Amino acid sequence: MSFDVAAIREQFPILKREIDGKPLVYLDNAATTQKPQCVIDALVDYYTTCNSNVHRGAHRLADEATRRFENARDIVKVFLNAPKREEVIWTSGTTESINIVANGLGQLLSPGDEVITTGMDHHANLVTWQQACKASGAILKTVPVTDDGELDQAAYDALLNDKTKFVAFPHVSNALGTVNPVKAMTAKAKQVGAWVLVDGAQGAAHGWADVQDIGCDFYVFSGHKLYGPMGVGILWGRESVLESWPVWRTGGEMIATVTLQESTWNVLPYRFEAGTPNVGDAIALGEAIRWFSALDHDAVIAHEEALLDHATALAKDFDGLTIIGNAKEKIGVLSFVLDQGHPADIGFLLDRQGIAVRTGDHCAQPLMARFNVPGTARASFAIYNTIEEVDALFVALRKVRSMLA
Amino acid sequence: MALPSTEDIVDDLSFFDDWEDKYKYIIDLGKSLPEFDEAWRTQERLVKGCQSSVWIQPGNEQDPLKGEVLVFSVDSDAIIVRGLLGLVLAALNKKTPQEILDFDITAYFEELDLERHLSPTRGNGLRSIVNRIKGIAQAAV
Ligand SMILES: Cc1ncc(COP(=O)(O)O)c(C=O)c1O
């Protein structure tokens, strides 16, 4: 199998859009990816043919909706190489997934326990642990980031000890593109008996999310960064851990028995799925993963690496541009600042030329402070981007530079 | 330096037919805004957007004709936002509180074909600044 980017692009209707008469160049994929027609169709088809509440109704539509919904769970299980389908919990996205784990953790920690996060985490994977620590009197430690934008592994080793109860880090940094050595980091945390959560918001889109290989206890991601819809995501947790993890959301579906004073909890996965789930989006996410998994994985990675290599080469030649994040292992993201202007200025002037990038702190304020920048401009790539689009970015950037000079 | 009037700005900007000239004008306006004392870039004066920061220092003075008018010093770390702030000040600086409240900033930005910069998604603090100025005017009437 090979990889035909033109054929891929054909499947994304939004890529035909123009911005002020110029073809859209969408380079904000780390924020959210666009959706192929089959995903849009899956969503429309669900609402057109079988919308109904799952697991509840004694009628045909409920049966069909439940079957599709649970089938999507199976697709996620295979995608993550999870041992069991019951370990796959539907959530609204990465942020909710982490909140579920963090709120449970807050109930398990004691004063003096230690939790480790990193200096490159998205606020979703930082603020949540801060709150869990505040609630329990535990201490939050942070793995520092090197000048190249890697996690300082020696410092990480030094932080781990028998008080370490929980470790959380990103698979891939959304702000820098750094691919972290998640397997090695997990193994070290396991040696001190800590639970490990990997924030896969950016990692899942590159298809590396093999939870058994990584060895973590929790892996979380959002559907919308993986060619699926917004409003749905995944919490995968190891069965032996999830079974007794304190629940946070309570209500319908997640209970076994209820009296006026007491309740008992349902089995996995329902234990963590209080209330009516986002059925249509879950089914469409299943379709997105089916679609993505059918691609030639090596060819996808090779294409994404070619995009980043080309962008990096052009960036290194560009006067006044500084790349933020030069990790040896990087994917999908070129974050940079220009001497001539603030990232917000770069964003405005690129937008006027049809180029969509993100500017700002990328929900990682401590990381921006670490690099002493107010924010960066970030071009982030997906499988439908082309080398010509990378070239277009730099043509447009030349104009930005001359306008701001 | 006196800012151009809003009428001048509308005239000037409608004269440009390509976006580059228009944004160069905004950038130049940003460069020509009176300097903002570095020491004023404090937390209390900060209106934070997620993409760029904006600072504002309100004050007042007596206008021989109108009586008390509000004066604002503003700043941003992004030059285009500074220019857009110039457009806002042209409309709202040295005006009486009632004049400020009566001014339709959205219509003005629409006339300039720049209303996208006021949209909440921009997160550049421009909208927050306008709200802040209107709030100060409200408190002063
Ligand atoms: C690394 C990382 N973690 C967490 C999140 C939060 O994801 P969501 O907003 O979909 O919950 C993001 C999204 O930008 C991310 O990139």
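Laid out as a table, the results:
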item	result
Odd one out for A:A31, checked against (1) within 14 Å of another protein chain (Cβ to nearest Cβ); (2) more than 16 Å from the ligand (Cβ to nearest atom)	(2)
Residues of region A:111-145 classified as farther than 22 Å from A:W248 by Cα and more than 16 Å from the ligand (Cβ to nearest atom), total	3
Region B:96-113, subset of a type outside the set (S, T, Y) and in contact (Cβ under 8 Å) with a residue 40 or more places away in the chain, residue farthest from the other protein chains (Cβ to nearest Cβ)	B:Q98
Residues (touching a residue at least 40 places away in the same chain (Cβ under 8 Å), away from chain A (no Cβ under 14 Å) and small (G, A, S)) located in region B:45-92	B:G86, B:A90, B:A91
Among residues of region A:11-27, those that are in contact (Cβ under 8 Å) with a residue 24 or more places away in the chain, more than 14 Å from chain B (Cβ to nearest Cβ) and over 20 Å from A:A42 (Cβ atoms), counted	6
Scan of region A:81-109 for residues that are in contact with a Gly (Cβ under 7 Å, 6 or more places away or on another chain) and among the polar types (S, T, N, Q), ordered by number	A:T91, A:S92, A:T94, A:S97
Residues located in region A:348-392, provided they are closer than 16 Å to A:I324 by Cα and either in a helix (DSSP H, G or I) or charged (D, E, K, R) (or both)	A:R358, A:D361, A:Q365, A:P366, A:L367, A:M368, A:A369, A:R370, A:R378
Residue check, B:L126 buried (at least 21 other Cβ atoms within 10 Å of the Cβ), touching a residue at least 24 places away in the same chain (Cβ under 8 Å), closer than 21 Å to B:Y25 by Cβ and away from chain A (no Cβ under 14 Å)	no
In region A:206-243, residue farthest from the ligand (Cβ to nearest atom) [restricted to those that are at pLDDT below 95 and either touching a Lys or Arg at 6+ places or on another chain (Cβ under 8 Å) or not aliphatic (A, V, I, L, M) (or both)]	A:G207
A:H362, sole failed condition from (1) within 12 Å of chain B (Cβ to nearest Cβ); (2) on the phi < 0 side of the Ramachandran plot; (3) not aromatic (F, W, Y)	(2)
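The values are calculated or read from the model by the stated rules, or taken from the named source; none is laboratory data. Quantities reported herein were computed from a predicted structural model and do not represent experimental measurements. Quick reminder, even Gly has a Cβ in these numbers, built from the backbone with ideal geometry, and neighbours come from all protein chains shown.
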